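Encoded as structure tokens, the structure appears first; notes follow it.
The values are calculated or read from the model by the stated rules, or taken from the named source; none is laboratory data. Values in this document were obtained by computation on a predicted structure and should not be read as measured data. Cβ atoms come from the backbone with ideal geometry, glycine included; neighbour counts cover every protein chain shown. Just the protein is used for accessible areas: all its heavy atoms, side chains included, with ligands, DNA and RNA removed. Shrake-Rupley method; radii C 1.70, N 1.55, O 1.52, S 1.80 Å.
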Amino acid sequence: MCNTRAWRTARPRLLAAALSGLATAACLGVAGTTTAGATTVAYGSTASTASTASTASTASTNKADQPDQAEPTVPAADPVGPPQDGFPAALGYSLLHPTAVPAGANDWSCRPSAARPRPVVLVHGTFENRYANWAGLAPKLKQEGYCVFALNYGGSGSGPVMATGDIPASAAQLAAFVDRVRTATGAGRVDLVGHSQGGLMPRYYLKNLGGAAKTAHLVALSPTNHGTSLWGLGLLARSFPGGDALTGASCGACAQQVTGSGFLTALNEGGESSPDVSFTVIATRHDEVVTPYTSSFLAPALGVVNQRVQDYCPLDLTGHTDISYDATATRLVLNALDPAHARRPDCLP
């Protein structure tokens, strides 16, 4: 069995991306296969289930809470992967099961409770997919009582490497998915939790596609809010099998995330946040992709909180690709979603 925690803390941070492919190969044998029940579905195909139809019919009748777009169709159940405690094992599993759903996510029969009134939508990063990014956090959120949903976006849908397409087009996919979640759950607004591009792309949705009226909180792990260097993107690409081949013309999102790009300039003009949405950015000093790591932070404004993992646990060595599996970052995500019950992270030795 792969010891992903030891791998994460022992590796030199600037070699993390190059080594993760090797770690993935070593961890491929970890995966087992399960399948979802009828109520666990993934977004984006043509088939639907009776349970999905019944949940849509019981959605809130308050017109202010209703989605603006027609409800998209959903496929039959995708395989549900096991929980993972590290990125290499999760990535390895997703290579064999590219449509896998992280445990705890996409239960379309879930109804928000009074204590957890908003569904949580998980948005993965560049070259990643919903399982590789969220196989650790999704089940933890489910255990905390949240209705959890995760989409794949920005790719062909037939492979594990996603989020390479044009960012505005990906934001439109997110918009449709959020509307589906709101219809199924009856919730007026959602909370978004994103990693890397998954923390940046939702800002386009909030600013340009009406998402600010449907989102209460955006929690972003190592987002590319002010871009990164070509060196950083190249290092990220080498973390994923086939990623190098996609960093050119095949990855529109890569060019859009380079520091100083026209996309970033336009997105950040006129203010980087919305007064109707709360923003929490969680960065790490050891980010080898978003360089400098401070480019993840949003400009100071009402409702914006910028945090560093090392402000709480100075010896935490988490980098870019593994931050969504880091115990400190996970605690900070939970605190952001439920500030009334926030507690200080327990730093691992």
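Approximating the spin labels as points 7 Å out from Cα along Cα→Cβ, the Asp276-to-Cys347 distance works out to 4.1 nm. What does the charge count near Glu269 come to, summing +1 for each Lys or Arg and -1 for each Asp or Glu among other residues with Cβ under 15 Å from its Cβ? Surrounding charge for Glu269 is +1. Spin-label pair Asp311-Thr265: with each label point 7 Å from Cα along the Cα-Cβ axis, the two points sit 3.1 nm from one another. With all protein chains kept in place, the per residue accessible area of region 129-172 amounts to 26 square angstrom at a probe of 1.4 angstrom. Between Ala169 and Ser156, residue separation times 0.36 nm minus the direct Cα-Cα distance comes to 3.4 nm. To put it simply, the accessible area of region 115-163 at a 1.4 Å probe is 47 percent carbon and sulfur.
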